[in-house]
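I'd like to ask some things about the structure below.
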Amino acid sequence: MSKVLVDGPDNADHRVLLAHGAGAGMEHEVMQRLAAGLADEQIQVIRFEFPYMQKTRDDGRKRPPDREPVLLACWREMAAAFAHPRLFLAGKSMGGRMASLVADELAPAGLLLLGFPFHPPGKPERFRGQHLATIVTPTLLVQGERDTFGNREAVAGYDLAEGIETLWVNDGDHGFSPRKASGTTLERNLATVVAGMRRFVLAH
């Protein structure tokens, strides 16, 4: 069982299971800010790590992500271990993509995709969001307008299921950071993300 970080009380009406992206674990600053900002008496946030990231934490050696079957098995294990009447699956980048592949199977109350990696940067032909055209789980897609894994212009051309609601983060990159000239800040963008996540969770 993966170690977890818990924000918010066990008796909260809603529980959000939050997975990290490919390169940074559950203690990354953005993950920390999102969990701390979202959690309150109504929403509990549980962060966890995939096996490869736990091994890196144990010995300090960086590793590539586990193969997809291992990542999906980890999601299933965590969803079972932290079952809740109003369970939401959430993930940054790769963590969200893996959650989206098992969401309809696990039937959570909703799915939160934070910076979905539609394609590798500069390689739009390697599209990885085909299943989002038919997903039935209520979904909030939170995407930076400048995300090199799927920016606003590109995503406008994708076939996404009707149950997917999109929240665009002002001038945000894949980590939601804006350019200085944009007039906004990462703090402001993360506050927007947290507010959007909270509204979505409480509405479902």
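The values are calculated or read from the model by the stated rules, or taken from the named source; none is laboratory data. These figures come from a predicted structure and were not determined experimentally. Counting neighbours? That spans all protein chains shown, and the Cβs are built from the backbone with ideal geometry, glycine included. Surface areas here come from the heavy atoms of the whole protein model, side chains and all, with no ligands, DNA or RNA. Shrake-Rupley method; radii C 1.70, N 1.55, O 1.52, S 1.80 Å.
Name the pairs whose Cβ atoms lie under 6 Å apart, with the first residue in the stretch 45-60 and farther than 16 Å from residue 98 by Cβ, the second at pLDDT 90 or above and assigned to a helix (DSSP H, G or I), and 6 or more positions between them or separate chains?
45/35; 45/38
Just to check your reading of the model, which residue among 98, 31 is in contact with a Cys (Cβ under 9 Å, 6 or more places away or on another chain) and either modelled with pLDDT of 95 or more or part of a loop (DSSP other than H, G, I, E, B) (or both)?
Only one candidate qualifies: 98.
Right, something else. Sort through 112, 140, 132 and tell me the only one that's under 29 Å from residue 81 (Cα atoms), part of a helix (DSSP H, G or I) and not polar (S, T, N, Q).
132
Still on this model: Let me confirm something: among 107, 103, which residue is modelled with pLDDT of 95 or more, open to solvent by less than 60 Å² (accessible area, probe 1.4 Å) and within 20 Å of residue 200 (Cβ to Cβ)?
103
Next up: Report yes if residue 190 is in contact with a helix residue (DSSP H, G or I) (Cβ under 6 Å, 6 or more places away or on another chain) and either closer than 17 Å to residue 94 by Cβ or assigned to a loop (DSSP other than H, G, I, E, B) (or both), otherwise no.
For residue 190, the condition - in contact with a helix residue (DSSP H, G or I) (Cβ under 6 Å, 6 or more places away or on another chain) and either closer than 17 Å to residue 94 by Cβ or assigned to a loop (DSSP other than H, G, I, E, B) (or both) - is not met.
Sticking with this structure for a sec: Residues 38, 34: which one is open to solvent by less than 30 Å² (accessible area, probe 1.4 Å) and under 11 Å from the mean Cα position of the chain (by Cα)?
34
So, in the stretch 161-183, of the ones that are assigned to a loop (DSSP other than H, G, I, E, B) and surrounded by fewer than 18 Cβ atoms within 10 Å (Cβ to Cβ), which residue ends up farthest from the chain's Cα centre (by Cα)?
By that ranking, first place goes to 183.
Moving on to the next point. If the requirement is being within 28 Å of residue 79 (Cβ to Cβ) and under 15 Å from the mean Cα position of the chain (by Cα), which of these qualifies: 106, 114?
That would be 114, the only listed residue that is within 28 Å of residue 79 (Cβ to Cβ) and under 15 Å from the mean Cα position of the chain (by Cα).
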